[in-house]
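The values are calculated or read from the model by the stated rules, or taken from the named source; none is laboratory data. The structure displayed is predicted, hence computed values, not measured ones. Note that we place each Cβ from the backbone using ideal geometry, even for glycine, and neighbour counts take in every protein chain shown.
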Amino acid sequence: MTSPTERSDLSDLSELTDLPAPTEFSELADSAEELLPGTRRSLLHRVAVAQSEGRAPSLVAAVARDGEVVWTGARTSVDGHGPDEHVQYRIGSITKTFTAVLVLRLRDEGLLDLGDPLEKHLPGTGAGDVTIAELLSHTGGLAAETPGEWWERSAAALRPTLADVLGEQPFRHPVGRRHHYSNPGYTLLGSLVEAVRGVGWEEALRGEVLDPLGLTRTGAQPQMPHAGGWAVHPYADVLLPEPSEDLGLMAPAGQLWSTARDLAVFAGFLRTGDDRVLSADSVREMRTPAAPTLPGDWETSYGLGMQLVRKDGRILAGHTGSLPGFVAALWVSEEEGLASVVLANSTTGIASGTVAADLLGIVADAEPRIPAPWRPLREVDPAVLELTGPWYWGTQIVALRLAADGAVDLGPVSGGGRRSRFRANGDGTWTGLDGYYAGEPLRAVRRPDGTVSHLDLGSFVFTREPYDAGAPVPGGVDPDGWRGLPG
């Protein structure tokens with residue numbers, strides 16, 4: 001089969017994708033058993049509209065629930081010659097999320113700190129004052145693209161060194177002040193992985209992420225069957241093959257090829273973690289906003305190698321991607337336990353991020369997650385149980401609740417206000433996990449006789465009664481106590 005760059009005769013449109021013809025390409029019947037027929041039809045309708053209106057040569061999508069692929073579907077412009085969930089497409093900047101996983105692994109192994117300047121581990125780049133965290137979150141102030149020719153459509157030989165990738169003036173903004181998406185920044189992260197790990201980026205990715213997760217159809221080079229990349233004329237229904245360049249040093253920013261099924265598996269990992277690769281805490285850190293939100297763009301943010309969006313009241317984490325001839329998207333909803341993937345082989349026309357978000361929303365709305373049964377605790381520490389119930393911060397009433405996993409929740413009895421979960425430290429204290437008190441210490445202060453005096457939360461005093469005179473309320477409590485309005 002000829003490559004896209006070699007093909008000049010477009011009369012045989014069976015070469016739109018280099019793949020065998022499955023028996024059914026409009027919907028993959030063996031992968032949708034767990035969803036209701038109406039949900040499956042809605043999903044198929046959405047991808048059919050996207051492929052038709054977006055005029056994509058082919059489009060394949062997948063939805064996973066609680067880590068299991070529950071639906072895949074596809075549409076193609078060639079009868080009987082459509083992709084399935086095992087056909088490779090180029091995924092563009094979704095590659096950045098894979099690169100970020102490699103960097104977080106280095107951090108978790110103690111080989112670097114996210115606050116380290118790049119110069120500490122990769123000297124001589126000219127951008128060494130930028131921290132690793134700033135590169136991960138695109139807040140390092142670096143340029144969006146490389147100098148010289150359009151790097152996605154030109155040979156990697158034009159950029160043989162990092163100096164060629166960065167240019168003489170690599171910065172566009174002050175370091176750490178704003179989010180400015182930077183492809184060269186992820187080239188630096190790939191080179192950082194190589195410098196610290198002592199092996200190439202691709203080798204590290206294969207051994208540390210792809211193989212452990214079983215992503216056998218994901219890699220830096222295409223493997224049959226794979227789609228060819230195409231451009232569709234904006235004013236005519238005709239096609240132009242796009243070149244497929246090896247990105248060289250830019251590979252960590254956008255090189256990878258993958259499939260709908262592999263990416264659905266990867267999405268499950270990004271939701272729950274996998275101790276063979278990254279812990280649940282570390283992938284949660286990746287999904288946590290790490291970049292300032294720009295005015296007019298309050299619905300989007302960026303974590304550590306992951307885009308964050310709010311759509312229809314849901315928080316989605318993942319990434320979109322594009323390279324000449326391809327668009328891609330992957331979204332995860334932690335709350336719904338859902339993930340969605342969309343891949344198409346067209347340069348423009350498909351809003352892959354929107355389509356993927358819509359697929360996730362269709363399942364979430366039609367078949368909402370069934371909660372696990374409530375079960376009482378098997379055992380409880382009486383000293384912790386004693387702390388549950390109402391507390392007062394000044395005159396504001398809050399409640400401390402004990403969760404089934406041993407964590408505690410402190411928040412308003414009703415309505416809005418500050419709420420945080422706290423993880424037990426094993427010594428009678430807790431550490432905030434989220435919300436206003438994230439990272440803050442919580443402890444119960446006891447009197448000499450062992451009874452509880454108050455809760456101390458980051459210097460705030462919570463008492464059993466409003467301004468309890470028997471507790472060390474900062475500023476003291478008027479000795480005459482509560483009273484009516486003087487006449």
Q.
For the condition farther than 29 Å from L330 by Cα, in a loop (DSSP other than H, G, I, E, B) and either touching a residue at least 40 places away in the same chain (Cβ under 8 Å) or in contact with a Phe, Trp or Tyr (Cβ under 8 Å, 6 or more places away or on another chain) (or both), what is the one hit in G126, G148, G140, G92?
A. G126
Q: Restrict the check to the range 411-434 and report whether at least one residue is in contact (Cβ under 8 Å) with a residue 24 or more places away in the chain, surrounded by 13 or more Cβ atoms within 10 Å (Cβ to Cβ) and of a type in the set (K, R).
A: no
**Q.** Yes/no for V165 being at pLDDT 95 or above, buried (at least 17 other Cβ atoms within 10 Å of the Cβ) and farther than 14 Å from F98 by Cβ
**A.** no
(Q) Restricting to the range 168-185, and then to whatever is touching a Leu at 6+ places or on another chain (Cβ under 7 Å) and assigned to a helix (DSSP H, G or I), can you tell me which residue is surrounded by the most Cβ atoms within 10 Å (Cβ to Cβ)? (A) G185
Q: Determine which member of the set L135, L158, L118 is under 16 Å from M250 (Cβ atoms) and under 25 Å from the mean Cα position of the chain (by Cα).
A: L135
**Q.** Matching residues, the range 359-392, being outside any loop (DSSP other than H, G, I, E, B), modelled with pLDDT under 95 and farther than 19 Å from R423 by Cβ
**A.** P382
Q.
From the list L213, L278, L256, exactly one residue is closer than 18 Å to L102 by Cα, under 16 Å from the mean Cα position of the chain (by Cα) and not acidic (D, E). Which is it?
A. L278
(Q) Is it the case, given these coordinates, that L106 is of a type outside the set (G, A, S), assigned to a helix (DSSP H, G or I) and over 23 Å from S322 (Cβ atoms)? (A) yes
Q) Are any residues in the range 113-129 within 24 Å of D275 (Cβ to Cβ) and either surrounded by 17 or more Cβ atoms within 10 Å (Cβ to Cβ) or hydroxyl-bearing (S, T, Y) (or both), and if so, which ones? A) L114
(Q) Given the condition within 24 Å of the chain's Cα centre (by Cα), surrounded by fewer than 22 Cβ atoms within 10 Å (Cβ to Cβ) and not in a loop (DSSP other than H, G, I, E, B), answer yes or no: does some residue in the range 291-301 qualify? (A) yes
Q | L111 under 15 Å from V193 (Cα atoms), at pLDDT 95 or above, in contact with a Leu (Cβ under 7 Å, 6 or more places away or on another chain) and assigned to a loop (DSSP other than H, G, I, E, B) | A | no
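Results for (1) surrounded by fewer than 22 Cβ atoms within 10 Å (Cβ to Cβ); (2) under 30 Å from G67 (Cβ atoms); (3) in the same structural domain as R65 (by TED's automatic domain parsing), shown as yes or no for each residue.
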site	(1), (2), (3)
M224	yes, yes, yes
G228	no, no, yes
Y235	yes, no, yes
E245	yes, no, yes
G248	yes, no, yes
S258	no, yes, yes
